[in-house]
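Some notes on the structure that comes next.
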Amino acid sequence: MELERAIRDRRSIRRFTTSPVPDETIRELLEVARWAPSWANTQCWRVHVVQGDALARIAGELEARAASQVERRFDLPPPKPDWPPPLGRRIEELIAARRGVEAGSEAARGLFFGAPCVLFLTIDERLQPVYAAFDVGLMVQSVCLAAHARGLGTCIMARAVAHPDVLRAELPEARGRRFVVGVALGVPDLQAPINGFPRGRASLDELVSWGR
Ligand SMILES: Cc1cc2nc3c(=O)[nH]c(=O)nc-3n(C[C@H](O)[C@H](O)[C@H](O)COP(=O)(O)O)c2cc1C
């Protein structure tokens, strides 16, 4: 798929079919994405590929905590609730667009929208996290684009890392590391309305200033 088209067409997928993603395909995505740029080529990311019973155990525990409203404890400082304009308005627009199409769909398919695989991204806890998380973001975008180019879907999820103690208990390689995001990965259910609602972007005039 042509790069610019992949960038424009990718969207967050929040309902997946039950089809698995072969390990070989996941390796292909990560093989491409490991070429992402990073601060002084430090490549601070580690990817924890979670599937099967381990994913089911994590999803079950996270869903139980969400149901009983256990306070979230992200490893990275979460955004403050008082978003400056126009960011707050954009969040409201997203919520309104989703509300019309998602009634019951997330609850019906679980926290990870039925994805057969979630990639959890971590950084060493000794790192200052701001630029390290920036680097992880570049790597994650590459994963999402490489997946999209192969007809796969992704959803980057902060929500997936809201209870990192649950993840560390299941993933021993993540001890001593901070969770940045999870990325749900699978075959998109293209009939599901949640995967088709319109999303917009700010115009260039809103985003760009020129200096000469
Ligand atoms: C850092 C980050 C965290 C996100 N967390 C979530 C999440 O927890 N749940 C979710 O449904 N979408 C999540 N998203 C997806 C965004 O809502 C989505 O990217 C945005 O609305 C733009 O839509 P698009 O990806 O379809 O273009 C997250 C995206 C990013 C970059």
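The values are calculated or read from the model by the stated rules, or taken from the named source; none is laboratory data. What you see is a predicted model, and the numbers here were worked out from it, not measured in a lab. Here the Cβ positions follow ideal geometry from the backbone for every residue, glycine too, while neighbour counts run over all protein chains shown.
Yes or no, residue by residue, for (1) at pLDDT 95 or above; (2) under 23 Å from residue 173 (Cα atoms):
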| site | (1), (2) |
| --- | --- |
| 33 | yes, yes |
| 44 | yes, yes |
| 56 | yes, yes |
| 60 | yes, yes |
| 68 | yes, no |
| 74 | yes, yes |
| 81 | no, no |
Go through segment 178-192 and report how many residues are over 18 Å from the mean Cα position of the chain (by Cα) and crowded, with 19+ Cβ neighbours inside 10 Å. 1
Taking into account only those residues within segment 143-162 that are in contact (Cβ under 8 Å) with a residue 60 or more places away in the chain and assigned to a loop (DSSP other than H, G, I, E, B), which is nearest to the ligand (Cβ to nearest atom)? 158
Across segment 180-205, what is the number of residues that are outside any loop (DSSP other than H, G, I, E, B), farther than 18 Å from residue 115 by Cα and either among the polar types (S, T, N, Q) or away from the ligand (no atom under 12 Å from the Cβ) (or both)? 2
Counting just the residues of segment 9-31 that are within 16 Å of the ligand (Cβ to nearest atom) and under 13 Å from residue 145 (Cα atoms), which one comes out surrounded by the fewest Cβ atoms within 10 Å (Cβ to Cβ)? 9
Quick check on residue 142: is it at pLDDT 95 or above and in contact with a helix residue (DSSP H, G or I) (Cβ under 8 Å, 6 or more places away or on another chain)? yes
Looking at residue 36 and the list (1) assigned to a loop (DSSP other than H, G, I, E, B); (2) away from the ligand (no atom under 16 Å from the Cβ), which single condition is not satisfied? (2)
